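S.K.: Handing you a structure now.
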Ligand code: NDP
Ligand code: 2IT
């Protein structure tokens, strides 16, 4: 369709060298072709041109002093992408690979993910090209304080509410919150993923991983199957991966492999999750240390793997849960997974699969849950944290978990019903994109040209 091609061409010209961002936009726009053709209003209102342009992009210097007294400088970002449905909402990523393209793709995905939750949240994303690996607690604190010293003027409980993502967990949210409070003198819900002692919500820590597994279960239930006894590969060994594995065990599945940025772990009898929590949450060390306790497990360092990527998708399993980072499943990985009998892929990570890998999954007919639908439980529970903060309430674990299940189910239903309506019942990418787009686009039209 010319209209979509022209938009993509002009995006490449006006925002050069942003490959991840183009990839995310192209996937969404291609799904929207049937809607844009049938409803001229979206074209008349220039919704596509408006939705691909962030409302505001904040780029800032983050200077800090390391333990040796050397001055370090990082790049900080907050992209306030779309506020049609509510205050900007989305995580902060601290990782050396962060750049404007990565933050823009994540912010763009967040528009549709947040719309699918049905909750009043707009979309934003931020972070820094800071590498937390090998940094002391004091260095992490000083970095977070410097980052918030610029960010605080742009965020607030009714304007923009950041949370965690790669490299940002409860420790970093604590330091960021402390500095915000010191600078503004206000104790308020400006961040989510807060500690349970000071405004955090029960289930937020678990929510993304749990939600991704609930989503998988709903996909399987529609096929008259469930997760009981299924072997699973779960990439990553961070927040999302750990709580995906926890929920898999609770539902009777067996996670047999996971990975981190240094290598891949395969343990045929089932991953020892208590040990993984100790290694990754408490000690923050490499998965290689798992072998000290379980010498029979197989650990493949990234350097030993021919493509330089992790080796996880080479293993045979019934289901795959990519929960590490973007583009971690290539077309070759997808073909290998399918050839080995994998029947389900549910993405805890954002844009976990390359575009040709996604096509492979959809064409093969396996159950495929794209990240913006399958991992929305995290941000949905963040909104439940905002609701508790605003009403000065504290809900029980069971209450929040029930709402997480209800929202995850509703997202699955919206995506699958929309996919069916548009004649592609197995294409949840199409279903999720169209259902989300309509909600945001209609709100944008009602709010005028802003
Ligand atoms: P964490 O930082 O807690 O964990 C990331 C994990 O992935 C780490 O174990 C890390 O390794 C590993 N990893 C990172 N890059 C690679 C790589 N190239 N190869 C192998 N392993 C890698 O982040 P989260 O768990 O929070 O985030 C994971 C994904 O989930 C991201 O895509 C994020 O955007 C997405 N997401 C997160 C949400 C949240 O609530 N946190 C919500 C929705 C989506 P190492 O241990 O060595 O650092
Ligand atoms: O990608 C995501 O949805 C997140 N990192 C969580 C965002 C949030 O605001 O909880």
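The values are calculated or read from the model by the stated rules, or taken from the named source; none is laboratory data. Just so it is clear, the structure is predicted and the values come from calculations on it, not from any experiment. Positions of Cβ are generated from backbone atoms using ideal geometry, with glycine treated the same way; all protein chains shown enter the neighbour counts.
S.K.: Output the qualifying pairs, or none if there are none: Cβ atoms under 9 angstrom, residues six or more apart or on different chains, first residue in the range 299-328 and on the phi > 0 side of the Ramachandran plot, second residue surrounded by fewer than 20 Cβ atoms within 10 Å (Cβ to Cβ).
M.R.: Listed by first residue and then by second, the contacts come to 308/302; 327/23; 327/354.
One line per residue, one yes/no per condition, for (1) surrounded by 19 or more Cβ atoms within 10 Å (Cβ to Cβ); (2) at pLDDT below 95; (3) within 16 Å of residue 103 (Cα to Cα); (4) in contact with a strand residue (DSSP E or B) (Cβ under 8 Å, 6 or more places away or on another chain):
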site: 8; (1), (2), (3), (4): no, yes, no, no
site: 19; (1), (2), (3), (4): no, no, yes, no
site: 39; (1), (2), (3), (4): no, yes, no, no
site: 70; (1), (2), (3), (4): no, no, no, no
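S.K.: Taking residue 333, is it farther than 30 Å from residue 160 by Cβ and not in a loop (DSSP other than H, G, I, E, B)?
M.R.: Yes, satisfied.
S.K.: Here is a follow-up. How many residues are farther than 14 Å from residue 374 by Cβ and touching a helix residue (DSSP H, G or I) at 6+ places or on another chain (Cβ under 8 Å) if we restrict to the range 406-418?
M.R.: Total meeting the criteria: 2.
S.K.: Let me ask something additional. Could you please let me know if residue 54 is crowded, with 20+ Cβ neighbours inside 10 Å and in a loop (DSSP other than H, G, I, E, B)?
M.R.: Yes.
S.K.: Now for a separate question. Quickly run through the range 336-347 and pick out the residues that are in a loop (DSSP other than H, G, I, E, B) and over 25 Å from residue 420 (Cβ atoms).
M.R.: Of everything in the range 336-347, those that are in a loop (DSSP other than H, G, I, E, B) and over 25 Å from residue 420 (Cβ atoms) turn out to be 340, 341.
S.K.: Is it true that some residue in the range 408-430 is crowded, with 16+ Cβ neighbours inside 10 Å and closer than 25 Å to residue 190 by Cα?
M.R.: Yes: the range 408-430 contains one or more residues that are crowded, with 16+ Cβ neighbours inside 10 Å and closer than 25 Å to residue 190 by Cα.
S.K.: So which of 27, 80 ends up being assigned to a helix (DSSP H, G or I) and in contact (Cβ under 8 Å) with a residue 60 or more places away in the chain?
M.R.: So the residue among 27, 80 that is assigned to a helix (DSSP H, G or I) and in contact (Cβ under 8 Å) with a residue 60 or more places away in the chain is 27.
S.K.: Next question, about the same structure. Tally up the residues in the range 352-398 that are assigned to a helix (DSSP H, G or I) and in contact (Cβ under 8 Å) with a residue 40 or more places away in the chain, please.
M.R.: Residues flagged as assigned to a helix (DSSP H, G or I) and in contact (Cβ under 8 Å) with a residue 40 or more places away in the chain within the range 352-398 amount to 21.
S.K.: Out of the residues in the range 72-94 meeting the condition of being surrounded by 20 or more Cβ atoms within 10 Å (Cβ to Cβ) and under 9 Å from residue 128 (Cβ atoms), tell me which one is farthest from ligand 2 (Cβ to nearest atom).
M.R.: Among them, the one singled out is 74.
S.K.: Here are some residues: 166, 140, 103, 173. Which one is within 11 Å of ligand 2 (Cβ to nearest atom) and free of Cβ contacts under 8 Å to residues at least 60 places away in the same chain?
M.R.: Just a single option satisfies the conditions, and that option is 173.
S.K.: In addition: Check off (1) closer than 19 Å to residue 243 by Cα; (2) in contact (Cβ under 8 Å) with a residue 24 or more places away in the chain for residue 406 and give me the number that stays unchecked.
M.R.: With respect to (1) closer than 19 Å to residue 243 by Cα; (2) in contact (Cβ under 8 Å) with a residue 24 or more places away in the chain, residue 406 is out only on (2).
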